[in-house]
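The values are calculated or read from the model by the stated rules, or taken from the named source; none is laboratory data. Just so it is clear, the model here is predicted, and its values are computed rather than measured. All Cβ positions, glycine included, derive from the backbone under ideal geometry; neighbour counts span all protein chains shown. What goes into the accessible areas is simple: the full protein's heavy atoms, side chains included, and nothing from ligands, DNA or RNA. Shrake-Rupley method; radii C 1.70, N 1.55, O 1.52, S 1.80 Å.
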Amino acid sequence: MTCSRDPEQIILDPADKPRDDRSYLGNDARLRAKINCVKIFPKIAFISCVIALIVIGLGAFTRLIDAGLGCPDWPGCYGHLTVPHTYLAQKLVALEYPTTPLVIYKAWAEMVHRYAVAGLSLFIFSIIIMIISVKKLRTRVNIIFSLLLLALLGYQIILGQWTVTLKLQPVIVTQHLIGGYLILTTLWLIFLANRAKLGWNPDKKLLPWALGGLILVFLQIILGAWTSTHYASLSCPDFPFCVNNQTMPVWHIKDLLTVKTIMHMAHRVGAMVVTIYLFCFTMIAIVRLRLKPSVNKLFILILFLLIMQIGLGMSNVLFKLPLAIAISHTVTAVLLFLALATLNFHLFFKKVTHDS
Ligand code: HEM
């Protein structure tokens, strides 16, 4: 199958009706199927977004089960392409890596994450190659996004290696996490820029407010990543304050101020700021501005994701970081960020077609 360079060109030659024998897809050039790249391009971008979201979820899972160093080397696992599974291989690993013993389930968690990253990288490369090789896709917006994607992917691969070789240094893991979010967001923007014409043009006056929301959520995500990569998630086991089981009247603030509790509380204060801002912004937009129903839907989605995120964050604290809740908190943060990115995209570009 080849990509057609002309978007108006046929997808399949009408003469090429599917037969029982599908060998017509082989060498016979006359019967070769041609897929319209421009049409499948947004689908590929969308599938890439789904894979990127899965990669982010798997990354959170790996961190939460403490399997970040499940494989102490990179890109292989104890020098193998897969987790060493034979008795002999495991014996050799024990001799070669005496200080980092192999724990099978942790090594698999790490390797499944890496395989998913490899799959995502292939999709990203196909997107970049399509943008370079298909004239109709070579728009200014696509070129800018694809260059950004390439830079982010390169940096992310280096960070992935450093995450392992520098033994989970929080400053590296935090950047790795943010890098994953930015790659997904760029893929999402590519999807938005290339799908069919948009049906709505919201008021551009909203742009500075929407941008403010996007920046605040981004800063809040950095605070969250900072908290989790420093393993400060359980530093304040009570809610809403960080009392740590002390009785209120003899609450000595100085004793409670450790670096980890400050990180944790900064994330909570950040959540309060984000909540007040987004709540006011979305309510004013929904109630006062009489926007089109399609625009309203996006605001309602933002509000819904915000409420869900706060609930999940509180549950993280009160139920002591259950795996499913912690992963959902990560994924919902990404979805909230994507919803705000979508709003900003629509406000910024107003009307985007393939020819923009
Ligand atoms: C808009 C609101 C919020 C956003 C966007 C947000 C985002 C995030 C992000 C991105 C992480 C890092 C996840 C990871 O490393 O995989 C995180 C971690 C965390 N957040 Fe939030 N958060 C919000 C609100 C809250 C609230 C209200 C609480 C608690 C009261 C909370 C508690 C936590 C905890 C305990 C962690 C560490 C979880 C872990 O180790 O995986 N968050 N948050």
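Computed quantities for the displayed model
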item	result
Selection status of ARG290, away from the ligand (no atom under 16 Å from the Cβ) and open to solvent by 20 Å² or more (accessible area, probe 1.4 Å)	yes
Residues (β-branched (Val, Ile, Thr) and near the ligand (Cβ under 9 Å from one of its atoms)) located in the range 293-324	ILE310, VAL317
Output for the range 41-54, where each listed residue is touching a residue at least 12 places away in the same chain (Cβ under 8 Å), among the aliphatic types (A, V, I, L, M) and open to solvent by 10 Å² or more (accessible area, probe 1.4 Å)	ILE44, ILE47, ILE51, LEU53, ILE54
Unique match (being touching a Ser or Thr at 6+ places or on another chain (Cβ under 7 Å) and either among the small types (Gly, Ala, Ser) or open to solvent by less than 20 Å² (accessible area, probe 1.4 Å) (or both)) among THR174, THR163	THR174
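So that you can scan it fast, the table gives a plain yes or no per residue for (1) within 16 Å of the ligand (Cβ to nearest atom); (2) over 31 Å from the mean Cα position of the chain (by Cα); (3) open to solvent by 30 Å² or more (accessible area, probe 1.4 Å):
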{"residue": "ILE56", "(1), (2), (3)": "yes, no, no"}
{"residue": "ASP66", "(1), (2), (3)": "yes, no, yes"}
{"residue": "PRO72", "(1), (2), (3)": "no, no, no"}
{"residue": "PRO75", "(1), (2), (3)": "no, no, yes"}
{"residue": "GLY79", "(1), (2), (3)": "no, no, yes"}
{"residue": "LYS91", "(1), (2), (3)": "no, yes, yes"}
{"residue": "PRO98", "(1), (2), (3)": "no, yes, yes"}
